[in-house]
Amino acid sequence: MERVSIDEERCKSCGLCISICPVKILIISDRLNARGFRPAQCTDQDKCTSCGSCALICPDIAIELHREVKV
Amino acid sequence: MSDKVLMKGAEALAEGAIQAGCRYYFGYPITPQNETPEYMSRRLPEVGGRFVQAESEVASINMVYGAACAGVRVMTSSSSPGISLMQEGISYISGSNVPCVVMNAMRGGPGLGNIAPAQADYFQAVKGGGNGDYKRIVFAPSSIQEGVDLFVDAFELADKYRMVVMVIVDGLIGQMMEPVEFKTRIDVSTLKTPEWATVGRHGRDHANIITSLTLDAAGLEQWNLKLQAKYAQVELTESRIEEYQMDDADYAIIAYGTMARIAKTTIRIARAKGIKLGLLRPITVWPFPAKQIQTYVGKLKGTLTVELAYRQLFEDVQLALCGKIPLGWYGRGGGVVPGPQEILAAFEEQFGKGR
Amino acid sequence: MAEQMKVIYERPRSWANKVTHYCPGCTHGVAHRLVAELVDEMGLVDKTIGVWPVGCAVLGYDYFNFDSVEAAHGRAPAMATGIKVTNPDNFVFTYQGDGDLASIGMAEIVHAAARGWPITVIFINNGNYGMTGGQMAPTTLLGQKTTTSPLGRTPQANGFPIRVAEMLAQLDGPAYIARVSLDSPVNIRKAKSAMRKAFNAQVRGIGFSLVECLSTCPTNWKLTPVESMERVRKEVMPYFPLGEFKVVEGVL
Ligand SMILES: Cc1ncc(C[n+]2csc(CCOP(=O)(O)OP(=O)(O)O)c2C)c(N)n1
Ligand code: SF4
Ligand code: SF4
Ligand code: SF4
Ligand SMILES: [Mg+2]
C-alpha cells in the first residue's frame, strides 16, 4: 500500500495539496479523470513524511494516508 | 372530559388540538387569537409537550417544519398578517410532504387591516399563498364544538396524507363562550414515529432526508405528479358539507364559518315569511364540496353566496355550478358583519320575494 | 519483523462517499469533511440531524450518512429549534452561508443564539453569495468588488460588513462562539478543535454554539484556489480576526 493514495476520480485538480506539501512531492498529472480534471499525483512515495497536510487541506477527501510500521 | 365545559373559543380550540394529540406549538402573538398561544403555554407543559414563542411567524412556521420532520403532532396559529408571513414555510412543508396543522383566525385586511372578523383570506387558504402547486385541506368550523371536533380530524388527516391542514376561523368564534365537549382523546403513546421521520438513524440502515428540492425538471415533475395524485385522492374522499333545511328548499344560502351561523337565523326568519330557504355550508373549503352542491342543479331556483369578503367563496360556487343555478352574492368587508335581516334583504333584492 | 500499514488519514465513515458538486478548491468541502470527522470521532452518526441551507451547500445532505433536512433560505436555526425541541437527545446542527445566516436569516440566528438552546451552527463566511453568482453579502469587505457592488463595496452605498461571531458573543445565550479559518493545514487543525468544542457544548447540554469559518469562493472571487487562500490571510483575516469570542464554563 502506498503512503499517499490519491483517488483520481475524486480529485478536482485544485492544487491546494501541491501548494502546501513541505517536501514538494505532489504534482498535477497529465491524465484526465472522468470529470475532465487532471488529478494530483505523488512523485515520490518514499519522501512522504506523513505530515498529513495534504489530506487536511483537500476539499474533496481525495487523499488517504498510510505509513508502514514495524510490528 | 366527557361533560360539557364552558370555554372561550380560542382556548377550547387549543384544548381540542391537545386532545387530538398535539404536543408541540410554535407561535407569535397576534390578535384576535392570543388566547390560543397563551393557553398552549400553560397547558402543553402539563401534558409533556412544549410551547415555544418564536421571534416571528416566519420562525414559527419553520420551527413547525422542523418538528413536523420529526413526525410529531405540531401546530401553529396566527391571524391574517401572520399567516401571510407563514406562506413560505407552508409551501416548503407541502413540498416536503410532512404533516402539520395551521389555524388562521382571520381578520380584516388587506395589510394591517383591523382585528374584526373577516373571511378575506379564503383565496390564500384554498388557492395558494405560497409558491408552487400545492394544496392544503382547509376546515372551516362554524361553532366552537365543531372546531374542537375538527381538530381531531385535522391531525388525523395531516398524518394520513402527510400534508398541511388549515383550520380557518375568525375572531368571533375565537372570542365567544360556548359549552363544549371533548369527545375524542388521542393517546399520544399510541402514535408511532413514522419511518420517514428525521429523528436520527438509531440503527436504521439508511439516512432519512427531508427536502423540497429536486434539481432536475423531470424528477421534480414526478414529485409534483405524486403530490397531485394525493390531492386528487383527498378531493375524492374528504370534502364535507352541512345541508341545513335543504329537503324542501327553493333557494339556498351558501356560506361557511361565522357567516353560515348568522345565515341560519336568516333562514328561520325567511321560512317564517314563507320563503323556502336552506343553507349549504362547506365544512371543508378545500376540497370544496362541489359535487354535493351540484346535486341541487334542477332543484333550486337560486343560491345566494354570503361571505365576509368580496367574491372569494363565490368564485368556487361559480366553478361548481357553472351558471346552472342562478347565482346571487352578498358580502361585507373590512370586518363588518352583516346581520340576518341584512342578508334577507339582500336575498329579496336579488331573488324577489322568493317565489 | 513484519511491516504493517498504519492509517494516517482515511475518509470518514459518516461521509457518504460521493463526489461533491463544489467548485475545485472550494473550502465548503473542507468544512464538510471536518463535520464528518467529528461525527465519527464523537460517535454521533445515529443521533445527528443536519439542517442544510439555501446556498452552495443546499445539497449538503447528499454527502453524509446521517439524517438531514433542507431548510428555507435563512430559516435553518428555526427549523433546528423545532427538531431539537422534539428530540433533545439528538445532535442537531445547521450549516449556513453568510447570505443565509447574516442577511435573510439574521433574525432566526440571533434568536436561536439568544435562546441559547443547545444546537450547533457551522457558519461559512465566504464574503459573497456563492450560489447565485457572487453578489454582495453582509460579510463582503469594504472595497471588495462583487456582481452587485461592481465598483467595490462602499459604506455610503452598501453599509458595513457584519462581524457575526463578535456580535452574537454579546448575547448571554451562547455557550461557545469562535471564528476559525480554513486557509491552511494549521488553521484547519484549529478549526476542527473549535468545532469539537462547539459539538461538545451541545452534546454536554451546555448551550448554543457557533463556529464561523473563513472560507473561499475561488469561482466568484476569480482567483485560483491557492490565491484564494492567500486572500483569506491577507485581506479577510485583518477584518475578521480569528479567535474564541465566548467560552462558557464546561465547554472543552
Ligand atoms: C427566499 C429566497 N431568496 C433568495 C434565494 C436565492 N438564493 C439562493 S442561494 C442565495 C445566497 C446564498 O449565499 P450564501 O448564504 O452566502 O451561501 P454560499 O452560496 O455563498 O455558500 C440566494 C440569495 C432563495 N433561494 N430564496
Ligand atoms: S502527507 Fe505531507 S509530506 Fe506526505 S504528501 Fe502529504 S503533504 Fe506531502
Ligand atoms: S487537494 Fe485534493 S482535489 Fe485538490 S488537487 Fe489535491 S487531491 Fe486533488
Ligand atoms: S460558487 Fe463559490 S462557494 Fe459555491 S461551490 Fe463554487 S467556489 Fe464554492
Ligand atoms: Mg456566502
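In deg cm²/dmol, rounded to 500, what helix-only [θ] at 222 nm does chain A give when every DSSP H run of at least 4 residues adds -39500 (n - 2.57) and the total is split over its residues? Let's see the in-between values first.
On the way: 2 runs with 10 residues, N = 71.
Rounded to the nearest 500, it is -2500 deg cm²/dmol.
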Please list, ordered by chain and number, the residues whose modelled amide H lies under 5 Å from the amide H of B:ASN208; skip anything fewer than 5 residues away on the same chain. C:ASP67, C:SER68
Over all pairs of distinct alpha carbons, what does the Kirkwood formula give as the hydrodynamic radius of region B:157-251, in Å? 18.8 Å
Rounded to the nearest 500, the 222 nm mean residue ellipticity computed for chain B from DSSP H runs (n ≥ 4, each -39500 (n - 2.57)) alone is -12500 deg cm²/dmol
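Size of the dipole of region B:84-211 about the Cα centre, Lys and Arg at +1 and Asp and Glu at -1 on the beta carbon, nothing else charged, in debye to 20?
So the dipole magnitude of region B:84-211 works out to roughly 340 debye.
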Show me the three semi-axes of the equivalent ellipsoid for region A:4-65, from the C-alpha gyration tensor (sqrt of 5 times each eigenvalue), largest first, rounded to whole Å. 18, 12, 10
Would you be so kind as to list the residues of region B:193-213 that have their accessible area lowered by at least 40 Å² in the full protein complex compared with their chain by itself (1.4 Å probe)? B:THR198, B:ARG201, B:HIS202, B:ILE209, B:LEU213
With a ≥ b ≥ c the root eigenvalues of the C-alpha gyration tensor of region B:140-213, is it rounded (a/c under 1.5), prolate (a/b larger than b/c) or oblate? prolate
Treat every Asp and Glu Cβ in chain B as -1 and every Lys and Arg Cβ as +1, leave all other atoms uncharged, and give the resulting dipole magnitude about the Cα centre to the nearest 20 debye. 580 debye
Taking Cα pairs under 8 Å and at least six residues apart, what relative contact order does region C:28-247 come out at, in percent? 18 percent
On a C-alpha basis, how far is the centre of region B:235-268 from the centre of region C:15-37 in Å? Whole number, if you could? 59 Å
Region C:132-175: proportion of alpha-carbon pairs further apart than 12 angstrom, %: 61 percent
With the full set of protein chains in place, find how many percent of the accessible area of region B:191-271 is carbon and sulfur; take the probe as 1.4 Å. 52 percent
Placing +1 at every Lys and Arg Cβ and -1 at every Asp and Glu Cβ, with all other atoms neutral, what dipole size does region B:243-351 have around its Cα centre, in debye to the nearest 20? 180 debye
Between chains C and A, the summed loss of accessible surface on complex formation, probed at 1.4 Å and reported to the nearest 100 square angstrom, is 3000 Å²
Quick one: compute the contact order of chain B, relative version, from alpha carbon pairs under 8 angstrom and 6+ residues apart, as a percent. 18 percent
23 Å Cα-Cα reach of B:LYS276 towards lysines, excluding residues that sit fewer than 8 places from it in its own chain: B:LYS264, B:LYS291, B:LYS299, B:LYS301, B:LYS324, B:LYS353
Neighbour cut-off at most 16 other Cβ (10 Å), DSSP loop, trypsin sites (Lys or Arg not before Pro), region A:28-68: A:ARG31, A:ARG35
Taking chain C as a Gaussian network, where each spring joins two C-alpha atoms under 10 Å apart, which residue of C:ASP100, C:ASP183, C:ASP62 fluctuates the most? C:ASP62
May I ask you to list the GluC sites (Glu not before Pro) in chain A that are in a DSSP loop and have at most 15 other Cβ atoms within 10 Å of their Cβ? A:GLU2, A:GLU9
Quick one: among B:MET106, B:MET166, B:MET63, which has the greatest mean-square fluctuation in a GNM of chain B with alpha-carbon springs under 10 angstrom? B:MET63
On the protein heavy atoms, probe 1.4 angstrom, tell me the percent of accessible surface of chain A carried by carbon and sulfur. 52 percent
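Out of every Cα-Cα pair in the protein assembly as shown, what percent are more than 47 Å apart?
29 percent
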From the C-alpha gyration tensor of region C:116-214, pull out the three semi-axes of the equivalent ellipsoid (sqrt of 5λ each), sorted largest to smallest, in whole Å. 29, 16, 10
Roughly how large is the B-C contact in terms of buried accessible area, totalled over both chains, probe 1.4 Å, nearest 100 Å²? 2600 Å²
Rounded, prolate or oblate, given the Cα gyration tensor of region C:8-139, with a/c below 1.5 counting as rounded? oblate
Do any residues of region C:74-105 show a loss of at least 10 square angstrom of accessible area between the isolated chain and the full protein assembly, using a 1.4 Å probe, and if so which? C:ARG75, C:ALA78, C:MET79, C:THR81, C:GLY82, C:ILE83, C:VAL85, C:THR86, C:ASN87, C:ASN90
Overall Cα dimensions of chain B - principal axes, largest extent first, Å: 71, 49, 38
Per GNM of chain C with C-alpha springs under 10 angstrom, the most fluctuating residue out of C:GLU212, C:GLU227, C:GLU70 is C:GLU227
Per residue of region B:92-107, in order, report the coupling 6.51 cos²θ - 1.76 cosθ + 1.60 (Karplus, θ = phi - 60°) as ³J(HN,Hα) in whole Hz, putting x for Gly and Pro. 5, 5, 5, x, 9, 6, 10, x, 6, 10, 10, 10, 10, 8, 5, 10
Would you mind checking the tilt of helix B:9-19 against the longest principal axis of the Cα atoms of chain B, expressed as 0 to 90 degrees and rounded to 10? 40 degrees
How are the C-alpha pair distances of chain C spread across 5 Å bins, as whole percents from the shortest bin up? 1, 7, 14, 19, 21, 17, 11, 6, 3, 1, 1, 0, 0, 0, 0
Once amide H atoms are placed 1.01 Å from N in the peptide plane, what residues at a sequence separation of 5 or more from A:PHE37, or on another chain, have their amide H within under 5 Å of its amide H? none
Rounded, prolate or oblate: which one fits region B:97-171, using the alpha carbon gyration tensor with axes a ≥ b ≥ c (rounded when a/c is under 1.5, else prolate when a/b beats b/c, else oblate)? oblate
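Considering only DSSP beta bridges with both partners in the protein assembly as shown, what is the antiparallel share in %, to the nearest 5?
Rounded to the nearest five, the antiparallel share is 35 percent.
Given Cα positions, please report Rg to Rh for region B:243-351, the hydrodynamic radius being the Kirkwood one.
Expressed as Rg/Rh, it is 0.92.
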Theoretical ellipticity at 222 nm over chain C - DSSP helices of four or more residues, -39500 (n - 2.57) apiece, nearest 500: -8500 deg cm²/dmol
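If you roll a 1.4 Å probe over the heavy atoms of the protein chains, what accessible area per residue do you get for the protein assembly as shown, in Å²?
In whole numbers, the protein assembly as shown has 38 Å² accessible per residue.
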Which helices, taking whole DSSP H runs in chain C, have alpha carbons extending 24 angstrom or more along the helix axis plus mean Kyte-Doolittle at least -0.5? C:185-203
Positions from region C:30-54 whose accessible area shrinks by 50 Å² or more when the full protein complex is built, not the chain alone, probe 1.4 Å: C:ARG33, C:ASP46
Read phi for every residue in region B:173-190 and hand back ³J(HN,Hα) as whole Hz from Karplus 6.51 cos²θ - 1.76 cosθ + 1.60, θ = phi - 60°, with x for Gly and Pro. 5, x, 8, 6, 9, 8, x, 10, 10, 9, 7, 10, 10, 7, 7, 5, 5, 8
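The values are calculated or read from the model by the stated rules, or taken from the named source; none is laboratory data. Here the structure is a predicted model, which means the values were calculated and not measured. Ideal geometry is used to build each Cβ from the backbone, glycine not excepted, and the neighbour counts take in all protein chains shown. Surface areas here come from the heavy atoms of the whole protein model, side chains and all, with no ligands, DNA or RNA. Shrake-Rupley method; radii C 1.70, N 1.55, O 1.52, S 1.80 Å.
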